[in-house]
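The values are calculated or read from the model by the stated rules, or taken from the named source; none is laboratory data. As the structure is a computational prediction, the values presented were derived from the model and not from experiment. Glycine gets a Cβ as well: all are built from the backbone with ideal geometry, and neighbour counts include every protein chain shown. The area values use the complete protein model at the heavy-atom level, side chains included, leaving out ligands, DNA and RNA. Shrake-Rupley method; radii C 1.70, N 1.55, O 1.52, S 1.80 Å.
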Amino acid sequence: MALSTAAKASDFSEPWKNADRALVVDAYEYNSIDWAQLATDKRVVGFINKASDGMPPPYFCLGNDTEVKLCKALWKRHAVTRELFQTRRVVAKALGLKWGAYHLARPGNPVEQANNFLDFAEPEPDDLMALDIEGNDPSQWMSLDDAEEFVRQVHRRIGRFPVLYTNGKTAQYIADNSYRYRLLSRLPLWYARYTNDIDVHFPMGNWQGYALWQFSAQANCGRFRCPYRVAGTPNDIDVNVAPMDAATLRAQWPFGGLIDVPPDYLASIPLPVSREAGLAGNVTITYASVAAPPTFEEMVAALGTRWSRFRDGFRMPVVKTVPRRVNFGIVQYVAWKRTEQRSPAQLDAAFAAADPLSTASTELDRGLR
């Protein structure tokens, strides 16, 4: 399934102020939720909860006393978190909210992390799946190469792709290297940036819009000031806006396909907008098409063709018109080259009269040549 996540220009500048735009809350296990109060905000369409974190706890607790205690603490946290996750899913769906889960990507085996995520979340067909990549430092977070394998494993098991959650800097890096990250660059983007306007920073060259924009979090929401407050949630709760209304978001949920990368993903050149239209606001920005760079396979094929031509330039030409006769040596070859009319009878006569001592070049031969 191909998805289109194009957004209007107004969706890049405080779209949460538009009452028509749907909202989604995402939380982790330590966020307290008053579900009765949250349900009073009719703009909230979905709830995304943290599921797994990196690798699963070790199956057996081994080592010294400290290591065993730490292992048991991890298992206790895992059990409590999973029970809370399942409870929240039941409550959220009972209130008519769309449900989603995300995996916090850590360094380590990406296939095992994907299995841990799916075993923890037990996603239903309508549950959104998200891969949370907090940064592009492979010493702290999952590397982007491993993230590609994580996405493949999720697709192998459930037949659809997760949403990519990441910040602006990492999203731009993926967009600039889309030839390398062919899956990550085509996942629906859950964009994390805590500013009022993102039109200048958004990687429009690869993504034409976002599926969700996390615009409010602890980074920019406090006791006295917050871009948007959801009833029944703490001040530092993460709030996301979608570039669509509630009905459209429900229809596109859970974003399980890949987006179609436009032909201008290498670079995007915005077409000029008149001054009058710009001052009026709500301008839809359009972009000129730029030729896409060649794929790796196309570059290999082109280089292979050019190498073949270069190599063939050093090969000696093969004479395919030389008569195939018994005892055809250098004497006969010289006689054959000197014979203008090369009918079989003339060749026989020339070969019979050939002098083995006069096969070298003569002044007459040089003149003719």
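Please report the net charge: other residues with Cβ closer than 12 Å to the Cβ of PHE296, K and R +1, D and E -1.
Here the count lands on 0.
In percent, what relative contact order does the stretch 162-264 have, based on Cα pairs under 8 Å that are 6 or more apart in sequence?
It rounds to 28 percent for the stretch 162-264.
Between MET244 and residues 5 or more places away or on another chain, which pairs have amide H atoms under 5 Å apart, with H built 1.01 Å from N, and which residues are they?
Those qualifying (amide H under 5 Å, at least 5 residues apart or on another chain) are ALA22.
Can you tell me which of 162-168, 83-89 comes out highest on packing, and rank the rest after it, using the mean Cβ neighbours within 10 Å?
Packing order, densest peptide first, comes out as 162-168, 83-89.
Tell me, what HN-Hα J-couplings in whole Hz come from the Karplus equation 6.51 cos²θ - 1.76 cosθ + 1.60 at θ = phi - 60° for each residue of the stretch 58-66, using x for Gly and Pro?
Per-residue couplings from phi come out as x, 5, 10, 8, 10, x, 7, 4, 5 Hz.
Could you please state how large a percent of the accessible area of the stretch 26-147 is carbon and sulfur, counting protein chains only and using a 1.4 Å probe?
Accessible surface attributable to carbon and sulfur in the stretch 26-147 totals 56 percent.
What ranking do 13-20, 184-191, 56-63, 273-280 get when scored by the average of other Cβ atoms within 10 Å per residue, highest first?
184-191, 13-20, 56-63, 273-280
Relative contact order of the stretch 159-203, please, whole-number percent, based on alpha carbon pairs below 8 angstrom and at least 6 residues apart.
So the answer I get is 52 percent.
Quick one: accessible area per residue over the stretch 64-127, 1.4 Å probe, rounded to a whole number of Å²?
For the stretch 64-127, the per-residue accessible area is 53 Å².
Mind checking which aspartates and glutamates have their C-alpha under 14 Å from LYS93, skipping anything on the same chain fewer than 8 residues away?
Leaving aside aspartates and glutamates fewer than 8 places away in the same chain, those within reach of LYS93 are GLU124, ASP126, ASP127.
Add +1 for every Lys or Arg and -1 for every Asp or Glu among the other residues with Cβ under 11 Å from the Cβ of GLY232, and state the total.
-1
What ranking, highest mean first, results for peptides 108-116, 64-72 when packing means the other Cβ atoms within 10 Å averaged over each residue?
Descending packing order for the listed peptides: 108-116, 64-72.
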